[in-house]
Structures are given as C-alpha cells and as structure tokens.
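The structure appears right after this line, and notes come after that.
The values are calculated or read from the model by the stated rules, or taken from the named source; none is laboratory data. Everything numeric here is computed off the predicted structure, so don't read it as measured data. Quick reminder, even Gly has a Cβ in these numbers, built from the backbone with ideal geometry, and neighbours come from all protein chains shown. In case anyone asks, the SASA skips ligands and DNA or RNA and just uses the protein heavy atoms, side chains included. Shrake-Rupley method; radii C 1.70, N 1.55, O 1.52, S 1.80 Å.
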Amino acid sequence: MPVDVADPATAAADALLPRPFRVVANRRETSDTVTLELEPLDGDGLAFAAGQFTMLQAFGVGEVPISISGDPARPGLLVHTIRDVGGVTRALCAAEVGDVLGARGPYGRGWGVSDARGGDVVVVAGGIGLAPLRAAVLEVVRARSGFGRVHVLYGARTEDDLLFGDDLEEWAAEPDTEVAVIVDRAATSWPGRVGLVTELVRAAAFDAPRTLALVCGPEVMMRFVGAELTARGVPASQVRLSLERNMRCGVGLCGHCQLREYLLCVDGPVLSLDAVRPQLGIREL
Amino acid sequence: MTDVESAVALDLAGLQALVDLLAAEGYTVLGPTVRAGAVVPGRVTTVDDLPRGWGDTQEPGSYRLRRRDDEALFGYAADAISWKSVLFPSRELMWSGTRTADGFSITAGEGSGGLGDPPYAILGIRACDLHAVAIHDRVLQERALPDVHYAARRKDAFLVTVSCSDPSGTCFCVSMGTGPRAESGFDLALTELLGDEHTFLARAGSERGRTVLDRLGSRPAADGEVVAADEVVERSTRRMGRTMDTTDIRTLLYDNADHPRWDDVASRCLSCGNCTMVCPTCFCTSAEDHTSLAGDTAEHWRVWDSCFTSDFSYLHGGSVRSSTKSRYRQWMTHKLASWIDQFGTSGCVGCGRCLTWCPVGIDITEEVAAIRADPRPTAEQTPIEQTPIEQGGGG
C-alpha cells in the first residue's frame with residue numbers, strides 16, 4: 001500500500017510529540033535569564049511567525065510554553081529566551097551546548113507585523129516581555145524601509161535585568177528608530193531614566209492613527225500601556241497585546257489558558273486591545 | 001424523531017440477542033451496572049448485568065439507590081459516572097520516551113480504555129449524555145489538532161440510547177433541550193415499556209442500527225406500544241426536577257462578572273472539583289511527566305484536571321484565580337456562556353450530576369436564577385485599579 005500521504009490521525013498525533021533539538025548556544029542574559037539557540041536533530045527547522053511560541057521540554061522534567069525570541073527569517077535556528085522561575089525553566093536554563101531538548105509547535109497567533117507596513121511601529125516591552133517582541137523587531141529591521149518611525153520602549157526592574165543589550169544598540173543605529181529604556185529602580189551610577197514604561201509611551205513621537213503598537217509585559221503594565229496608547233490616539237484595534245495564562249497543551253485542548261471566551265494558545269497569545277479590554281478589567285478572570 | 005424509522009418491539013430475549021449480536025460483532029458491550037451503591041458504567045454480557053429493579057433518588061448533595069416496585073432495567077435517572085469515563089478516560093499515556101546517546105527517543109501512546117478495548121457498544125446512554133458526547137466531538141475531535149485517542153475510541157462506538165423514564169430531582173434536560181428522549185446521534189433508540197409484557201420499543205438512528213435491528217428478528221411495534229412509549233417520554237418531561245432559563249445567558253453572565261452572587265456561592269463552595277469530575281462535558285486536562293529514578297525513561301500523561309484547583313491557573317508568582325469566587329465564576333461562565341463562543345453550543349446538558357455530587361448541594365440552576373432575578377451589570381470600562389506597574393515579570 002502506498003504511504004506517501006500520512007494518515008491524518010497519525011499526523012495529528014505526531015504533531016503533539018516533542019521533536020529533539022540540540023542546544024548550540026546558551027547565552028546568559030541576566031542573573032536569572034538565558035537565551036538558548038537550538039537546531040533540529042531531524043528534519044527541518046520550525047518556520048514561525050513573530051509572537052508564536054513552542055512547548056519546550058526538558059526530558060523527564062516537563063514542558064512549558066516559551067515564546068520564540070529568534071529571527072523569523074532564520075527558521076533553521078530556534079531561539080528561546082527563558083527566565084528561571086520554576087522546575088522546568090530551571091532545567092531549561094541549565095541546558096548545556098550539546099544537550100538535547102524537546103520542542104513542539106510553533107503554536108498560536110503572532111504579532112502580524114506586516115500589518116504595520118507603511119505606518120509607524122511602537123514596541124512596548126516590560127521585563128522578559130521583550131523576548132517575543134525581539135522576533136517582531138527583527139522582522140521590522142529586516143524590511144526597515146517598509147515601515148515608518150519605529151520606537152522600542154523597554155522597561156525593566158533594574159539595569160541588571162536588561163535583556164538583549166547588543167540588539168538594543170543595533171536597533172538604535174537603524175534609521176528613524178528610537179530605542180528608549182527605563183528602569184523601576186536604579187543605583188546612582190545608572191545614567192538612564194527611572195520610572196514606568198508608560199512615561200516612554202507618553203514621550204514618544206508617532207503618527208497615532210497610522211501606528212501599530214505591540215505590547216508584552218506583566219498584565220497590569222499592558223493595561224496601563226494600552227490606556228496610554230489609546231489616549232494618544234492609537235485605535236484599540238491597532239494595539240496588540242501578548243497575553244499569558246497557564247498552558248499545558250498548546251493546541252486548545254487542555255482548557256487551561258482561557259481568558260473568558262478565548263483559548264489563548266490558539267486564539268492568542270497576541271490579541272488586539274479592543275478584543276480583550278472588558279476581560280482585562282475584571283479581576284481574577 | 002428526526003430520523004423517521006418504523007419502530008419495532010424487542011422483548012427481554014430480544015434485548016439479550018442485541019447484547020449477544022454486538023459482542024459477536026466485536027464490540028466491548030458496556031451499560032449501566034450497580035456497583036458500590038450506584039449505577040455506573042460497566043461490562044454487560046447478559047441483561048442480568050443491568051440494574052434490574054433499581055431506581056435512584058437524587059437531590060443536591062444526595063444520591064441514593066432505591067428499590068423499585070417493578071423489574072425496570074433502565075429505571076434510574078442518570079448514571080452516577082458519565083460515559084466520559086470511557087470515551088475520554090481520566091488518564092491517557094501521550095508518549096513514553098527513553099534517554100539515548102543522541103538525546104531521547106519518543107513513542108506515541110497507543111490509547112487506552114478504562115473498561116476494555118474499543119470499539120465500544122454503549123447500551124443505555126441517556127439523551128443528556130448523548131448530547132455530551134456530541135459536545136465532546138466538537139471540543140476534542142473537530143479541531144485543527146484533534147485528540148486522536150478520543151477520536152479512535154469514538155469512531156466506531158455503537159450507541160444505544162434509552163429514553164429516560166424516571167428523572168431525578170436534579171435533572172433539567174428539558175430546559176436545556178437535551179432530553180428526555182434522544183432525537184439524533186444514536187445507532188439505536190429504545191424506550192422501555194413495563195406493561196403486561198416487558199418490552200422495548202426500538203428505532204434505528206443509523207444504517208448500522210438498521211442493520212442490527214433487521215438481524216435481531218424483532219416484530220413491528222403495535223400502535224399501542226408506540227403511544228405508550230410517547231407517554232413514557234411525556235411523563236418524564238413533566239417530572240423534571242429542575243429547570244434553567246438560558247435566555248441570553250451568555251450576555252447575562254458576561255455582564256454580571258462582578259455580581260455579589262459570586263461571593264455568596266463562594267461562601268458555600270468548597271472548591272473540591274467534584275462538579276468538574278462528574279460533568280460529562282468538562283474536558284480540561286493537565287500533563288504529568290513521570291520519570292524513572294535514574295531519569296532515563298519518562299512518560300507523559302494527559303490527566304483530567306479541574307478549574308477549581310489553585311494549580312490550574314498558576315503562573316510563576318501565583319495563581320490567576322486564587323479565590324473560590326473566581327474559580328466558580330470561571331467554571332459556570334465557561335459551561336454556560338463562553339463555551340458558546342468557543343464551540344457553538346452550551347457546555348451544559350442538564351444531567352444534574354454537578355448538583356447531586358456537590359458535597360454542599362450547590363445548584364447551578366439556582367445560581368443562574370439568582371443572577372437573573374437581580375442583574376448587576378458591570379460597566380464596560382471597569383476602572384483599572386491604581387496598582388503600581390511591576391516591570392519584571394510577564395513574557
């Protein structure tokens with residue numbers, strides 16, 4: 001019997017099995033965060049859209065959803081930036097070059113960066129929220145002339161918590177691109193700004209009606225940034241947030257990642273502010 | 001009946017012949033059985049395995065078997081455990097793996113069943129539970145990436161529904177439009193008649209069902225039997241223990257997310273998760289990794305989970321839903337409202353199990369009625385609390 005077409009049930013089952021990826025680099029970003037570069041042991045890389053995530057697995061420990069922080073134009077290299085906040089992320093952060101991790105995906109709806117073409121792009125990140133936004137900025141930078149002004153507005157707890165220092169410098173060197181950083185608290189030696197990322201939004205110059213804003217950070221930060229952006233005149237439909245909930249399956253079957261009607265792993269994680277504003281106003285939803 | 005087929009009549013010997021035929025066809029025949037003081041799914045080889053002469057008394061927080069004064073085989077309301085336990089078992093091996101020199105190798109789980117191997121023939125599934133199966137078909141099967149194990153068990157399942165003749169105090173299928181008689185989604189539909197003769201009025205709902213009926217050597221039903229079967233269903237319809245008004249329920253619950261009734265129910269709710277375990281449509285699952293002590297072999301299991309646990313919504317730093325109020329609201333709003341957005345159907349079939357098996361007798365129909373009687377819509381733009389922004393987390 002010819003078997004050139006995979007049985008759909010087998011294909012669906014296989015899609016949920018982790019594939020082996022070898023760690024080719026483990027770069028320390030901060031005291032609790034590393035960036036892993038991974039290459040598939042078998043087959044092709046994972047073609048992905050900026051803003052998507054994978055279920056990343058440490059064999060025998062477990063799997064967790066992690067945003068892809070790499071360049072969408074280089075699908076052969078799977079890049080994840082991981083903060084050590086639990087058992088699985090600790091094992092992932094400790095992975096050494098040559099180790100094999102499991103990954104399945106990519107899953108979810110991404111930023112839809114191309115929707116910003118011809119207009120301005122405002123990227124607002126809080127903490128590790130810069131990880132999925134890095135993929136979006138890399139996509140913009142790769143086709144820089146297709147976009148208007150670009151702002152990367154980044155808030156972190158302290159200067160020691162800043163991610164992607166080299167990238168921030170490179171992006172700042174792009175034409176008509178502003179990179180602004182602010183920290184919650186700082187030593188006296190910090191030459192930069194201290195305060196909330198909303199201050200950066202307030203100070204940035206962009207053509208609000210023709211702006212696509214991409215926001216990722218703690219939910220309370222995204223609510224304030226969303227309010228600030230819409231106050232500046234950016235339509236709520238053009239403010240996109242990457243939302244986070246507990247995810248166990250990544251494909252909409254386990255029910256964990258619900259935000260009222262949304263299953264964030266398939267309907268999100270990126271959703272526009274106008275689609276989630278009522279939900280974000282309700283405590284413990 | 002949407003699928004108009006001429007009805008036939010089976011006697012007890014005919015019902016046994018049906019069991020025998022399905023077994024001979026290779027089905028694992030399952031049906032209601034009495035075990036541990038309750039009617040629960042079990043293996044059926046003879047009609048004597050069925051709960052002959054048993055009924056049940058169900059009220060919020062209470063379930064008791066009771067002796068009937070007749071020989072009814074299907075004289076109870078709803079099985080204490082739904083057929084979810086068979087088609088979507090509480091534990092499923094997704095894959096097993098071994099550490100190798102080059103990383104690891106993984107083998108997909110074969111799929112399993114709690115009561116023998118598929119294909120299953122399920123005898124006596126109620127209309128409410130048949131609707132629950134249809135809901136699971138949408139939730140688990142009609143998806144971009146389906147649950148292949150569910151699909152494999154479901155694919156060839158032969159479903160024999162039996163009209164409900166004696167609903168309990170917690171039943172509300174009529175108001176949910178799901179019972180007491182199934183209109184579609186079955187292979188055979190039976191109605192038990194306890195007249196001078198103990199007979200079963202049978203109709204086919206599929207080609208397979210028609211073929212099986214033809215091979216049973218049944219006789220055409222008499223007009224009086226057809227009328228009697230309709231009367232059984234009418235009597236059940238009138239005797240529903242409860243009712244739920246579902247008018248605009250999606251808007252009602254979305255608009256009343258901060259209604260004080262949620263605090264009221266939270267003061268009674270133990271957050272034990274019983275309702276989610278017995279619900280025939282609750283489908284939330286978690287993943288468990290089991291690893292050998294040396295760490296060289298691992299198994300990845302899919303297990304039932306409940307939105308009433310703190311772990312369910314855990315993100316690093318804490319649970320999104322830490323209060324019982326938020327968990328009950330999530331469960332009920334999902335079941336009755338957001339389920340409609342997600343899957344085009346309510347997640348509630350009115351089987352009443354969540355009332356019966358709630359240790360404190362919380363009644364979902366009463367909770368809906370309380371909000372409906374005194375709605376307190378939240379303004380669209382809830383003022384955002386002025387908590388400081390912590391920039392460290394997220395991602």
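Here are some notes:
- Hey, B:Thr297 open to solvent by less than 50 Å² (accessible area, probe 1.4 Å) and within 11 Å of chain A (Cβ to nearest Cβ) or not: no
- When we screen A:Val141, A:Val124 for residues that are open to solvent by 10 Å² or more (accessible area, probe 1.4 Å), in contact (Cβ under 8 Å) with a residue 24 or more places away in the chain and assigned by TED's automatic domain parsing to the domain that holds A:Gly192, the only hit is A:Val141.
- Residue in region B:17-56 that is nearest to B:Gly116 (Cα to Cα), counting only those that are open to solvent by less than 40 Å² (accessible area, probe 1.4 Å) and free of Cβ contacts under 8 Å to residues at least 24 places away in the same chain: B:Thr33
- Top-ranked residue of region A:249-284 - restricted to ones that are over 25 Å from A:Ala12 (Cβ atoms) and within 7 Å of chain B (Cβ to nearest Cβ), ranked as modelled with the highest pLDDT: A:Arg260
- If the condition is being within 7 Å of chain A (Cβ to nearest Cβ) and either outside any loop (DSSP other than H, G, I, E, B) or open to solvent by less than 10 Å² (accessible area, probe 1.4 Å) (or both), then region B:307-323 contributes B:Phe312, B:Ser313, B:Tyr314, B:Leu315, B:Arg321.
- Region B:104-141, residues that are more than 23 Å from B:Ala189 (Cβ to Cβ) and modelled with pLDDT of 95 or more: B:Val139, B:Leu140
- Of all residues in region A:100-117, those satisfying the criterion of being within 15 Å of A:Pro65 (Cβ to Cβ) and either charged (D, E, K, R) or away from chain B (no Cβ under 12 Å) (or both) are A:Arg104, A:Pro106, A:Arg109, A:Gly110.
Listed here are the residues, each with its yes/no results for (1) touching a residue at least 40 places away in the same chain (Cβ under 8 Å); (2) crowded, with 20+ Cβ neighbours inside 10 Å; (3) outside any loop (DSSP other than H, G, I, E, B).
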residue	(1), (2), (3)
B:Gly111	yes, no, no
B:Leu123	yes, yes, yes
B:His131	yes, yes, yes
B:Ala134	yes, no, yes
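- Criterion (crowded, with 21+ Cβ neighbours inside 10 Å and over 17 Å from A:Leu229 (Cα atoms)) met by exactly one of A:Leu253, A:Leu273, A:Leu285, A:Leu241: A:Leu253
- Where a residue in region A:79-99 is at the interface with chain B (Cβ under 10 Å from one of its Cβ atoms) and its partner, wherever it lies, is open to solvent by 30 Å² or more (accessible area, probe 1.4 Å) and part of a helix (DSSP H, G or I), with Cβ under 6 Å and at least six apart: A:Asp84/A:Arg90
- Test: A:Arg117 is open to solvent by 10 Å² or more (accessible area, probe 1.4 Å) and assigned by TED's automatic domain parsing to the domain that holds A:Glu178: yes
- Applying the set (1) farther than 19 Å from B:Val320 by Cα; (2) facing chain B (nearest Cβ under 7 Å); (3) not polar (S, T, N, Q) to A:Arg210 leaves exactly one unmet item: (2).
- Some residue of region A:74-95 being assigned to a helix (DSSP H, G or I), at pLDDT 95 or above, open to solvent by less than 30 Å² (accessible area, probe 1.4 Å) and among the small types (Gly, Ala, Ser): no
- From the list B:Leu145, B:Leu140, the one residue that fits, being among the aliphatic types (A, V, I, L, M) and assigned to a loop (DSSP other than H, G, I, E, B), is B:Leu145.
- Residue in region B:32-41 that is within 19 Å of the chain's Cα centre (by Cα) and either of a type in the set (Ser, Thr, Tyr) or within 14 Å of chain A (Cβ to nearest Cβ) (or both) present: yes
- Selection within region A:33-65: residues that are touching a Pro at 6+ places or on another chain (Cβ under 7 Å) and more than 27 Å from B:Glu288 (Cβ to Cβ). The member of this set that is nearest to the other protein chains (Cβ to nearest Cβ) is A:Gly51.
Table: residues versus (1) without any contact (Cβ under 8 Å) to a residue 12 or more places away in the chain; (2) away from chain A (no Cβ under 12 Å); (3) acidic (Asp, Glu).
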site	(1), (2), (3)
B:Leu253	no, no, no
B:His259	no, no, no
B:Ala266	no, no, no
B:Ser271	no, yes, no
B:Asn274	no, yes, no
B:Pro280	no, yes, no
B:Ser292	yes, no, no
B:Asp305	no, no, yes
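- Among the residues making up region A:166-217, those that are free of Cβ contacts under 8 Å to residues at least 60 places away in the same chain, assigned to a helix (DSSP H, G or I) and open to solvent by 40 Å² or more (accessible area, probe 1.4 Å) are A:Asp166, A:Glu169, A:Glu170, A:Ala172, A:Glu199, A:Arg202, A:Ala203, A:Pro209.
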